[in-house]
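Below is one structure, written out as structure tokens; comments come after it.
Rule-based calculations on the coordinates, nothing more; no lab input. It should be emphasised that the depicted structure is a prediction, and the values quoted were computed from it without experimental measurement. Backbone-built Cβ (ideal geometry, glycine too); neighbour counts: all protein chains shown.
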Amino acid sequence: MSESTDYQPPANGWRTFLIVWVTQSMSVIGSALTGFAITIWLTTGLYPDPSQKAQLAWALSALNLSFAIPVVFGAPIAGAFVDRHDRKRTMMVMDCANGCISLLTLALIATRQLNVFWLVVIGVLSSTCTAFHNAAFDTSYAMLVPKDRLPRANGMMQTIWALSGVLAPSVAATLITLPALARNGQLPAFMTLLGGIPDGTLLAIGVDSLSFFLAALVPLFLFIPSPKRTDLVVRNAATGDGHKKSLWADVREGALYIWHRRSFLWLLGTFTVANFAGGAQILQPLILKFQLAADWTARGFSFETALALLTTAASIGGVLGGVFISVWGGLKVRRVFGVLVPLIIEGLALVMFGQSRLLLLAAAAVAVSAAMNPILNAHSQSIWQAQTPHELQGRVFSVRRLIAQFSWPASSFLMGLLASRFDPGPIVIVLGLILACWCIAGLFNPYLRRVEDKPWIEAQALKYAQVSSSHQRPISNP
């Protein structure tokens, strides 16, 4: 490897991280505006009738798969790519590409050509860009932030996603209504130009596009280091001839790094189960529309306002969890307990959500579940960042994402299949029980309990590497 283990972040690294964090937050919030509007469009516009439950389930599943598959299965290639190229430049190009994709969505709405097919295409394109952007960004801020501040930085990153859920529904609703208000003369004179926009959704998606272009522009003026590699050329020891290491060799190197460290495999196995249980999220609109309908109707809610309540409750929970971990800074030792205990709580919250017939109880369940995510993800990310050399993080983190998240698209497909035949509530209850039981067992798993014991893990890695090497040696002739 090319980079020493005593790497020191740049003197102004924390300030740079804060600037990038702010601009990325704006981009994430912009994307949430579009996501919220599309969910409303599917459930109330394209499939409004209760008899269309199966079609709605499959549409939600297809949309989730269009985002999940490129992000998960494209991750190893994206990780190997960012370990070879300037990470700042990769972030900027991918933000620009996502901005253009938002403009495409805007054009389809303006010409009334948006449908499920185009949504799936847009999802695939956007999530492919996101895979490369995330691979670059996740490994970049680890080089900007001192190790003792990594849990706080990871908590702030988790807070972005929760904060977007808090702001997106109200901001989207406001933006969508502005053109009509302008046409009615209810806005100040300087905003009258908005009256020329025929559909307020166009304004919301335009803001999303603008946020991507802003996120692409700001890093141009910042120093974001990338590790220097000297191992891209492989030389023959006998002849001295060299050839460039292939992209697939980099992917394999990332996979072997994890494979030889079995504690990491157990940690990833836990996240595989958690992400499978996370498939319950796509059932939320179905549970709301059918299982909770009697309660929110009696309270005078519409579907849109009830969905906004659940979304806001989850987002507030996520923000509180993110602020908590950001201020606290997380566990300094035994961080694996900061992963397992929140996951147990999240599993029990899923059980409560699946059995609920009351809107407020369901909102409390999703809030508790969402509050756990920043806490467990910040601890997990800190473990990986502390254990993995900077120049390997792109490859390792991306293979890690593939192993941990391949169950997400599988779950999305299975949830669509099951929800088209069975009530979604019991499905969510079973998923919650599986998650809670797995993580309770994990508290007693010796490999998981030693996931931060670096000398022990490296000794195990050396042993497994030697065993693998011996198995690959050709058998000599007698």
**Item:** Hits among lysines - C-alpha to C-alpha of LYS289 under 26 Å, sequence gap 8 or more where chains match
**Value:** LYS53
**Asked** Normalised by the number of residues in the chain, what is the relative contact order in percent for Cα pairs under 8 Å and 6+ residues apart?
**Response** 26 percent
**Message:** Can you tell me the orientation of helix 150-183 relative to the chain, as the angle in degrees between its alpha-carbon axis and the longest Cα principal axis, to the nearest 10?
**Reply:** 30 degrees
**Asked** For the peptides 358-370, 172-184, what is the packing order when you average, over each peptide's residues, the other Cβ atoms within 10 Å and list the highest mean first?
**Response** 358-370, 172-184
**Request:** Would you list, by chain and number, the lysines whose Cα falls below 25 Å from the Cα of LYS88, excluding same-chain residues fewer than 8 positions away?
**Result:** LYS147, LYS228, LYS244, LYS245
**Fill in**
Computed on Cα atoms only, the convex hull of region 1-145 has an orientation-averaged projected area in nm² of 10.2 nm²
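Compute, for region 108-220, the length of the dipole vector about the Cα centre, with Cβ point charges of +1 (Lys, Arg) and -1 (Asp, Glu) only. Units Debye, rounded to 20.
In debye, rounded to 20, region 108-220 gives about 100.
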**Message:** What do you get for the angle between helix 13-40 and the principal long axis of the chain? Use alpha-carbon atoms, 0 to 90 degrees, nearest ten.
**Reply:** 40 degrees
**Asked** Taking Cα atoms, how many degrees apart are the long axis of helix 116-140 and the longest axis of the chain, rounded to 10 and kept between 0 and 90?
**Response** 40 degrees
**Message:** Based on the alpha carbons, how large is the Rg to Rh ratio for region 76-145 when Rh follows Kirkwood?
**Reply:** 1.10
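Would you mind working out the magnitude of the charge dipole of the chain relative to its Cα centre, with +1 at each Lys and Arg C-beta and -1 at each Asp and Glu C-beta, to the nearest 20 Debye?
In total the dipole reaches around 820 debye.
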**Ratio of the Cα radius of gyration of region 341-454 to 2.2 N^0.38 Å, where N counts its residues** = 1.24
**Global size of region 101-233 as Cα Rg and Dmax, reported in angstrom** = 19.5, 66
**Prompt:** So for region 331-471, taking the charge dipole from beta-carbon charges (+1 Lys/Arg, -1 Asp/Glu), which of SER412, GLY347, LEU448 sits furthest toward the positive end?
**Reply:** LEU448
**Asked** Using bins 20 angstrom wide from zero, how does P(r) for the chain break down, in % of all Cα pairs?
**Response** 22, 56, 20, 2, 0
**Message:** Largest first and in whole Å, what are the equivalent-ellipsoid semi-axes of region 276-340 based on the Cα gyration tensor, each being the root of 5 times an eigenvalue?
**Reply:** 33, 15, 8
**Fill in**
Computed ³J(HN,Hα) along region 461-466: with the Karplus parameters 6.51/-1.76/1.60, θ = phi - 60°, integer Hz and x for glycine or proline, the list is 4, 4, 5, 5, 5, 5
**Fill in**
Binned at 10 Å from zero, the C-alpha pair distances of region 285-407 give percents of 13, 33, 29, 17, 7, 1
